[in-house]
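Taking it in order: structure first as structure tokens, then the write-up.
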Amino acid sequence: QVQLVESGGGLVQPGGSLRLSCAASRSILSINVMGWYRQAPGKQREMVAYIPAGGSTNYANSVKGRFTISRDNAKNMVYLQMNSLKPEDTAVYYCKANYLGFDYWGQGTQVTVSS
């Protein structure tokens, strides 16, 4: 199993930045894919970005050029740097790990972009 804990959400003005963090309970070197998803009120959960263990990063078109996903294998952490935030980025952001064929989710962290 994998436990995931997100942090770093909050209220930010349009154009601002936030960095989300996801702490994993086990070595992320053993985890196939780590990713960030988000769910806005009344909408389905959607992929934001993901990073395979040994592959390149992938992003939703809506965040390309603004968000950056990264991982620190030594700390078992995954990050999502979010720049140039827009009101439509408002959502609960979830960290996900795919480990041995199963998906594990964190509890989510709220990001609100508003003036």
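The values are calculated or read from the model by the stated rules, or taken from the named source; none is laboratory data. This is a predicted model, so every value here is computed, not measured. No Cβ is skipped: glycine too gets one built from the backbone with ideal geometry, and neighbour counts run over all protein chains shown. Calculation scope for accessible area: heavy atoms of the full protein, side chains included, ligands and nucleic acids excluded. Shrake-Rupley method; radii C 1.70, N 1.55, O 1.52, S 1.80 Å.
General remarks:
- Flag for residue 48 being β-branched (Val, Ile, Thr), touching a residue at least 24 places away in the same chain (Cβ under 8 Å) and over 23 Å from residue 1 (Cβ atoms): yes
- Filtering the stretch 80-112 to residues that are touching an Asp or Glu at 6+ places or on another chain (Cβ under 8 Å) and either crowded, with 17+ Cβ neighbours inside 10 Å or over 18 Å from residue 7 (Cβ atoms) (or both) leaves 82, 93, 94, 95, 96, 97, 106, 108, 109, 111.
- Verdict on residue 26 being part of a loop (DSSP other than H, G, I, E, B), at pLDDT below 95 and of a type in the set (D, E, K, R): yes
- When residues in the stretch 20-49 are screened for being open to solvent by 50 Å² or more (accessible area, probe 1.4 Å) and of a type in the set (A, V, I, L, M, F, W, C), 2 of them pass.
- From the list 17, 62, 115, the lone residue that is open to solvent by 20 Å² or more (accessible area, probe 1.4 Å), more than 23 Å from residue 3 (Cβ to Cβ) and touching a Pro at 6+ places or on another chain (Cβ under 7 Å) is 115.
- Residue match in the stretch 11-23 (condition: charged (D, E, K, R), closer than 30 Å to residue 114 by Cα and in a strand (DSSP E or B)): yes
- Checked across the stretch 81-90, the condition of being modelled with pLDDT under 95 and assigned to a strand (DSSP E or B) holds for no residue.
- Output for the stretch 1-14, where each listed residue is farther than 26 Å from residue 53 by Cα, open to solvent by 30 Å² or more (accessible area, probe 1.4 Å) and either of a type in the set (A, V, I, L, M, F, W, C) or under 14 Å from the mean Cα position of the chain (by Cα) (or both): 11
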